[in-house]
Amino acid sequence: MFTLKVAVFVAIVAVCSAHLCMLSPAQRGSLMGFNKAGANDCFLVKSPCGGRPKSDNVITLRSMQNLTVVIQKNLDHWAKATPGQFKFNIAQPDGSGIQTLGMIPDMGEPSLTLYALNVTIPSSSAGNYILQTEYVTKNAQAPPVFYQCADIMIM
Ligand SMILES: *[C@@H]1O[C@H](CO)[C@@H](O)[C@H](O)[C@H]1NC(C)=O
Ligand SMILES: *[C@@H]1O[C@H](CO)[C@@H](O)[C@H](O)[C@H]1NC(C)=O
């Protein structure tokens, strides 16, 4: 009986953990195995950057520059009654001073779907920032938010 409950619990967790990858600009850490649903590098649930340290790969942008950000729903867990969304933010490296640049609703697309959004870098002060994407699941059976970050410098 106990074993059965554990097995059922594991099955539910496996089915319900939605994942998020950020392809461009490339997420911190690696993107290993992102063409398969459930990639470890896309299962980051700790704010603001999933515990991934600052990358050496910092892209330089001008304020008011337009940029196409490409993310992937690595593993779907859309809940029809409470659909979630993907959010595109810019923030200080510690996650403070967050500004949402845009949003895409989760319409229940399958795992591995790509989403692209054109964002405009705000006229912030020059310096280092994170470009943060969030998969807000609004699904009680899944972690509430998945995070990815890319490091940027606004000049
Ligand atoms: C950026 O995009 C906005 C909105 O689509 C557009 O109005 C603006 O001209 C673009 N800026 C540049 C520098 O291309
Ligand atoms: C982003 O902007 C470019 C240039 O204006 C346009 O060609 C492209 O379709 C836009 N992409 C999206 C996902 O809106």
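The rows are residues; the columns are (1) within 16 Å of ligand 1 (Cβ to nearest atom); (2) charged (D, E, K, R); (3) closer than 21 Å to residue 152 by Cβ.
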{"position": "29", "(1), (2), (3)": "no, no, yes"}
{"position": "45", "(1), (2), (3)": "no, no, no"}
{"position": "56", "(1), (2), (3)": "no, yes, yes"}
{"position": "68", "(1), (2), (3)": "yes, no, yes"}
{"position": "78", "(1), (2), (3)": "no, no, no"}
{"position": "84", "(1), (2), (3)": "no, no, no"}
Exercise for the section: Considering only the stretch 116-135, state which residues are under 27 Å from residue 38 (Cα atoms) and buried (at least 18 other Cβ atoms within 10 Å of the Cβ). Expected result: 130, 131, 132, 133, 134, 135
Practice task
Would you confirm whether any residue within the stretch 99-112 is in contact with a Gly (Cβ under 6 Å, 6 or more places away or on another chain) and within 19 Å of residue 19 (Cα to Cα)?
Solution key: yes
Exercise for the section: Return the only residue of 68, 100 being without any contact (Cβ under 8 Å) to a residue 24 or more places away in the chain, out of contact with any helix residue (DSSP H, G or I) (no Cβ under 9 Å at 6 or more places or on another chain) and of a type outside the set (A, V, I, L, M). Expected result: 100
Practice task
Report, ordered by the first and then the second residue, all pairs with beta carbons closer than 6 Å, sequence separation of six or more or different chains, a first member in the stretch 105-123 that is within 16 Å of ligand 1 (Cβ to nearest atom) and part of a loop (DSSP other than H, G, I, E, B), and a second member that is at pLDDT 95 or above and of a type in the set (A, V, I, L, M, F, W, C).
Solution key: 121/61; 123/64
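The values are calculated or read from the model by the stated rules, or taken from the named source; none is laboratory data. Predicted, not measured: the structure shown is a model, and the values here were computed from it. Cβ atoms come from the backbone with ideal geometry, glycine included; neighbour counts cover every protein chain shown.
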